[in-house]
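Worksheet for the structure shown next.
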Amino acid sequence: MDLDFMQFIPSIPYILKGILVTLKIVVLAAVLGFVFGVILSLFKISKIKLLGWFADFYTSIFRGTPLVLQLMLIYFGSPQIFGFQIEPYTAAILSFSLNSGAYISEIIRAGILAIDKGQQEAAMALGVPYGKMMWDIILPQALKNILPALMNEFITLTKESAIVTTIGVMDIMRRSYQVGAQYYSYFEPLIMAGIIYYLMVIALTFLGKAVERRMRRSD
C-alpha cells in the first residue's frame with residue numbers, strides 16, 4: 001500500500017470546519033424532529049382515529065423509504081413542486097427532521113404507554129386538563145425512560161448526516177472528498193473523516209450517559 005497521511009496534515013483544518021456544518025444540521029434536525037415526534041406520538045394515542053391513522057401512515061412512509069431518497073426528493077424535486085430551488089442546507093434539515101420525527105414518535109409513544117395508567121386516571125379525577133397532564137406528569141416520566149433510545153436516534157442522525165454530501169453541503173464528508181480529489185488520493189482523507197465521526201459519536205455517547213445519570217439522581 002502507498003499511503004501518506006503526512007501530506008494531508010495541512011488540509012485537516014479545512015476538513016474540521018465541516019464539523020460545525022454537520023452539528024448545525026444535526027442539532028436543528030434533532031430539535032425539530034423531537035417536537036414533531038411529540039406531536040405525532042400524541043396523535044397515535046389520541047382517541048380521534050383520524051389523527052392516529054395520519055400519524056401511522058406518516059410513520060410508515062418515512063420509515064419505509066431510504067433517507068437519501070427523501071433528501072433527494074426534497075432537494076431535487078423542490079423546483080417542480082414549489083417552483084423554486086430549496087437551499088441544500090435547508091433541504092438537509094427538513095428531510096432529517098421529518099425522518100427523525102417518525103422514529104422519535106414511536107419511541108415517545110412507547111414511553112408514554114409504559115407509564116402506569118393509574119397516574120392518568122388520578123390526574124383526570126383531580127380535574128387536571130389533558131394537555132397539562134401530558135406536559136407536567138406523563139411526558140417528563142416517559143423521557144427518563146426513553147432517554148437512551150433518544151440518544152441512540154441522535155447518534156444515528158449524526159452518522160447519517162454524511163449523506164448531505166450528495167447535494168453539495170460542505171460537511172465533513174464533502175470536504176474530505178474534495179481534499180482527496182485535490183491530491184488524487186481518497187483513502188487517507190476519508191479515513192480522517194471516519195475518525196472525526198467516530199470521535200463525535202463517542203462524545204455524544206458519554207454526554208448521553210452523563211445526562212442519564214443526572215436524571216436518575218434527580219428521582
Calculated SAXS-style log₁₀ I(q)/I(0) at q = 0.12, 0.15, 0.22, 0.24 Å⁻¹ - segment 104-219, Debye, Cα scatterers:
-0.62, -0.78, -1.15, -1.25
Just list whichever of Lys117/Lys209; Lys49/Lys144; Lys49/Lys132; Lys17/Lys159; Lys44/Lys159 have alpha carbons separated by over 20 Å in the model shown.
Lys117/Lys209; Lys49/Lys144; Lys49/Lys132; Lys44/Lys159
Rg ratio (alpha-carbon, reference 2.2 N^0.38 Å) - segment 1-103
1.45
Where does the charge balance sit around Glu188 when Lys and Arg score +1, Asp and Glu -1, over other residues with C-beta under 14 Å from its C-beta?
-1
Please identify the helices of the chain, taking whole runs of DSSP H, that span at least 27 Å along their own axis as judged from the Cα atoms and have a mean Kyte-Doolittle score of -0.5 or higher.
12-44, 88-113, 139-160, 187-217
Semi-axes (Å, rounded, descending) of the ellipsoid equivalent to segment 149-195 per its C-alpha gyration tensor are 24, 12, 5
Mind sorting Leu147, Leu50, Leu113 by how few other Cβ atoms lie within 10 Å of their own Cβ, fewest first?
Leu50, Leu113, Leu147
Apply the Kirkwood formula to segment 60-102: the hydrodynamic radius equals the inverse of the mean of 1/r over all pairs of different alpha-carbon atoms; give it in Å with one decimal.
10.4 Å
Relative contact order computed over the chain (Cα-Cα under 8 Å; 6+ residues apart), in percent
28 percent
Taking 7 Å along the Cα-to-C-beta vector as the label spot, tell me the Leu69-Phe5 distance in nanometres, rounded to one decimal.
3.8 nm
If you average the C-alpha positions of segment 110-163 and of segment 179-215 separately, how far apart do those two centres end up, in angstrom?
29 Å
Along the dipole axis of segment 6-217 (charges at Cβ: +1 for Lys and Arg, -1 for Asp and Glu; origin at the Cα centre), the most positive-end residue among Trp53, Ile195, Met133 is Met133
Size of electric dipole in the chain: Cβ of Lys, Arg +1 and of Asp, Glu -1, about Cα centre, debye, nearest 20
620 debye
Largest-first principal axis extents of the Cα set of the chain (Å):
72, 48, 24
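The numbers here are math on the coordinates, done by the rules we state, and not lab data. Quantities reported herein were computed from a predicted structural model and do not represent experimental measurements. In this analysis, Cβ positions are derived from the backbone assuming ideal geometry, glycine residues included, and neighbour counts consider all displayed protein chains.
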